[in-house]
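Undergrad: Attaching a single structure in structure tokens format; questions to follow.
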Amino acid sequence: MKRPLVCLFLLLVGLMPHFFSYSQEGSTGIPPDESRVLGKPLPDITLIDSYGNTFHLYSLKGKPIILSPIYTKCQSACPLITDSLKKVIPKLGVPGRDFWVLSFSFDPSDTVEDLKRFQMEHQLDGVGWKVVKPVSREELFRFLDAIDFRFMTTDNGRDFVHPNLVLIVSPDMRALKFAYGVVFKEEDLKPEPKGPTYLFFFALAGFIASGLYLTIFLAKRRPSRR
């Protein structure tokens, strides 16, 4: 029983230089630098939702926001994160009444139809829990830079390696805290800010594991050469 775990650990360690060199080249795919994000106000970008309605982020001011970066064609981490949030969020209150939830697409190619499909697949109400994207690439990358969210495109051009996280935003639109991983507990999503922790290293481990999962997933889908 121990032997497969040791092999998996050695495999992850062996892959670390590959992921580090790849991510450092483009400064992408690694967890955000919390020191330059937390406590800072977010830019008031314009968003479009799954119904085609546009609105300013600051129109949600007054309630906390649980913001989950996703892309709608994701077949690995994003559905896991969304499903975990669906289990935990009812314990915190009612979206739209007590707080807002945003499934925030960072894929510039996602359309309103893609947002709607994601909403329907995950049975989100689209009101208190909105599926959104910025109205332009400029707005998108202005926001991603503000939260130091970096991602990289895989070889197939359709998938992304990205940090697995949720951002908690305060009622006055400041980045309050990050929760890392694909499975969350109730306390992870509460708006109280946390002190310095070692979560960065857990997030980094999650990034490596996600990259490994995506590599294996894509390898299985790639047609064999005869």
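Undergrad: Using a/c under 1.5 as the rounded threshold, could you call the stretch 27-162 rounded, prolate or oblate? The axes a ≥ b ≥ c are square roots of the C-alpha gyration tensor eigenvalues, and prolate needs a/b larger than b/c, oblate otherwise.
TA: The shape class here is rounded.
Undergrad: Convert each backbone phi in the stretch 86-98 into a coupling constant with the Karplus relation 6.51 cos²θ - 1.76 cosθ + 1.60 (shift: θ = phi - 60°), then list the ³J(HN,Hα) values in order as whole Hz, x for Gly and Pro.
TA: Karplus values, whole Hz, x for Gly and Pro: 4, 7, 8, 4, x, 6, 9, x, 10, x, x, 9, 9.
Undergrad: How much length is gained if the chain between THR46 and SER136 is pulled fully straight, taking 0.36 nm per residue apart and subtracting their Cα-Cα distance, in nm to one decimal?
TA: Result for the pair: 31.6 nm of gain on full extension.
Undergrad: Here's another thing I want to ask about it. Among the listed pairs LYS87/LYS133; LYS63/LYS91; LYS40/LYS63; LYS87/LYS190; LYS40/LYS73, give every one whose C-alpha distance is greater than 19 Å.
TA: Long pairs (Cα-Cα over 19 Å): LYS87/LYS133; LYS40/LYS73.
Undergrad: Something else now. Report, ordered by chain and residue number, the aspartates and glutamates lying within cross-link reach of LYS61, taken as a straight Cα distance under 14 Å and ignoring same-chain residues fewer than 8 apart.
TA: Straight-distance partners of LYS61: ASP44, ASP98, ASP172.
Undergrad: Hey, another quick one. So for the pair GLU187, ASP83, with labels modelled 7 Å out along Cα→Cβ, what separation do we get in nm?
TA: 2.6 nm
Undergrad: For HIS122, HIS162, HIS56, which order do you get if you count the other beta carbons within 10 Å of each Cβ and list the fewest first?
TA: With the fewest neighbours first, HIS122, HIS162, HIS56 line up as HIS56, HIS122, HIS162.
Undergrad: Between THR154 and SER109, what is the label-point separation in nm under the 7 Å Cα-to-beta-carbon projection?
TA: In this crude label model, SER109 to THR154 measures out at 1.3 nm.
No value in this document is a laboratory result; all are computed from the given coordinates. Keep in mind that this is a model prediction, so the values were computed, not measured. Virtual Cβ from ideal backbone geometry, glycine too; neighbours counted across all protein chains shown.
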